[in-house]
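The values are calculated or read from the model by the stated rules, or taken from the named source; none is laboratory data. Because the structure is predicted, anything quoted here is derived from the model rather than measured. Here the Cβ is made from the backbone with ideal geometry for all residues, glycine too, and neighbour counts use every protein chain on show. Ligands, DNA and RNA are stripped out before the accessible areas are found, and what is left, the full protein with its side chains, is counted by its heavy atoms. Shrake-Rupley method; radii C 1.70, N 1.55, O 1.52, S 1.80 Å.
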Amino acid sequence: MLTKSLAAPPSPLSARRRWTVLAVCALSMFLVGVDTTIVNVGLPEIGRGLDVGTRGLEWVVDAYTVVMASLLIVSGALADRFGRRRVFRCGLLVFGLASVVCALAPSLGVLVAARAVQGIGASMLSPVALAIVVNATPDPRERARAIGVWASVFGLSMAAGPVTGGALIAALGWRSVFWINAPVVVAALVLVAVFVPESRGERARRLDLPGQVLLTVVLCLSVGILIEGPRIGWTSPAALAGYALTAAATAGFVLVELRCGEPLMDLGLFRRPSFVTAVLGATAVFVALNVTLLLNTFYLQHTRGWTALATGAATLPMALGATVCAPWSGTLVGRLGPRRPLILAGGFTAAGGLCLVNLDQDTSVSLILLAFLLIGIGFGFANAPLTNTAVSGLPPSRAGVAGAITSTARQVGAAVGIAGAGGLVAGAGPVGLAAETRPGWLLVSACGLFLLTVAHTTKPQPTQTS
């Protein structure tokens with residue numbers, strides 16, 4: 001023990017090794033991000049293949065996002081305690097095996113359960129990848145650039161999912177969107193073993209199991225009510241019981257976290273107005289993105305009769321906007337601070353939603369593509385400044401938790417967006433579906449306007465690191 005405690009710390013990694021570590025982590029994060037959205041474009045095909053309706057299909061997406069959201073923070077704590085590379089590799093293995101089960105699923109129940117297990121694996125990748133990157137880049141300026149690249153890759157992966165999914169489904173069927181994960185996971189496992197060093201937190205936190213259970217209950221109940229509300233009735237006894245249970249679980253979670261010596265979620269961070277607005281902004285961005293993707297899928301395939309490939313191709317302008325603007329946003333944050341990129345994100349997102357508020361069966365394809373381009377640009381500009389705003393000014397011990405909460409907020413936004421959009425179109429026929437989507441496009445615009453509010457709570461100059 002004495003020898004171990006007096007051992008010299010590991011020598012710093014070379015510049016090439018540091019950027020190789022970033023590339024490996026970015027590959028894994030690209031996999032997680034793509035899997036959040038790749039399934040969207042295939043939902044109609046999955047529905048036909050397994051003979052299920054829209055409401056059941058919502059669970060195919062939200063089982064993944066809700067489980068991932070509820071476990072992100074505890075996965076980060078486990079990585080600090082047992083080793084980040086070890087937990088990261090475990091996450092890749094769980095994700096890969098669950099993907100194979102998804103590809104072989106004979107029924108909706110098996111598919112939803114496997115998607116939930118995928119979410120468990122994904123929760124071990126997102127915060128742990130960021131912690132590995134931060135640990136590998138001790139220089140504050142280089143770390144800021146690395147975080148910008150990491151956030152950009154995750155944003156790009158979300159936008160690339162529908163395009164990739166459409167191409168795979170057209171060529172190989174809906175099960176291919178899960179089979180494709182297997183070779184990527186194998187490659188990532190090999191690269192992690194070769195290039196990523198092991199690291200742990202300076203002081204491992206205790207696991208807050210009561211807080212973890214209550215957080216999971218709150219998220220599952222909230223999303224479940226949103227999905228099932230249109231079917232059971234918003235004022236039905238079952239819905240009212242759901243509201244009461246959600247409120248009780250939320251209150252219990254807050255009480256447990258306030259009394260816990262090492263809470264799952266540091267509620268003290270919510271005393272910082274900039275942090276609160278960044279978390280809400282991250283939620284809004286992913287609500288807007290997922291509302292767009294789901295409404296786009298059902299409108300183009302059910303109302304316009306497009307194939308999955310054509311539907312995925314229609315999101316190319318969105319992917320292009322995100323691809324160009326995500327790295328540009330990171331550069332702007334480093335030079336000018338988060339305010340201007342957030343203004344651009346909010347303005348473009350709101351404009352994209354407004355383009356489609358009068359959507360009907362005959363809306364021109366050019367207007368639809370323009371709307372997707374604008375929303376993609378908004379999404380591309382949003383991620384880097386929101387991450388920067390959430391963690392700026394915090395010591396490393398709290399910045400990691402702040403980043404994990406922001407990642408949780410993104411996945412909560414994804415789940416809420418899917419549930420809300422699904423509720424709008426569930427049961428709608430091909431003729432009336434376009435009109436049913438209009439409140440969703442108003443919601444996308446409202447999310448963009450909220451980002452403008454977030455922009456005005458941030459500092460106009462870049463955060464100085466020391």
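Ligands, DNA and RNA left out, the 1.4 Å accessible surface of the range 185-341 is 69% carbon and sulfur atoms. Once the Cα-Cα distance is subtracted from the 0.36 nm per residue extended length, the Arg17 to Arg231 segment shows a gain of 71.7 nm.
Take the Cα of Val101, step 7 Å toward its Cβ, do the same at Leu336, and the gap between the two points is 4.8 nm.
Structural descriptor for the chain: relative contact order 23 percent, calculated from alpha carbon pairs under 8 angstrom and at least 6 residues apart. One decimal place: the segment Arg206-Ala171 gains 7.8 nm when fully extended, by the rule 0.36 nm per residue minus the C-alpha distance. Once the C-beta distance of Phe82 and Leu245 is scaled by a Förster radius of 25 Å, the resulting FRET efficiency is 0.15 to the nearest 0.05. Once the chain from Cys260 to Val110 is taken as fully extended at 0.36 nm per residue, the excess over their C-alpha distance is 50.3 nm. Could you list the residues of the range 423-448 with an amide nitrogen less than 12 Å from a label point located 7 Å from the Cα of Gln361 in the Cα-to-C-beta direction? Label zone hits: 429-435. Put Leu226, Leu264 in order of accessible area, highest first, and with a 1.4 Å probe you get Leu226, Leu264. Please compute the modelled spin-label separation between Val276 and Leu449, points set 7 Å along Cα→Cβ, answer in nm with one decimal. Here the modelled spin labels are 2.1 nm apart.
In the chain, taking the dipole from charged Cβ atoms about the Cα centre, the farthest positive-side position among Leu72, Ser364, Gly33 is held by Leu72. Computing FRET efficiency as 1/(1 + (r/R0)^6) for Asp51 and Leu189, where r is the C-beta to C-beta distance and R0 is 41 Å, gives about 0.70.
Recomputing Cα Rg over 2.2 N^0.38 Å from the coordinates shown identifies the correct label among [x] 1.00; [y] 0.93; [z] 1.29 as [y]. For the pair Trp179 and Leu442, label points projected 7 Å from Cα toward Cβ lie 4.4 nm apart. Summed over qualifying helices (DSSP H, 4 residues or more, each -39500 (n - 2.57)) and divided by its residue number, the chain shows a 222 nm mean residue ellipticity of -26500 deg cm²/dmol. Computed over the range 337-437, relative contact order equals 30 percent, with contacts defined as Cα pairs under 8 Å that lie 6+ residues apart.
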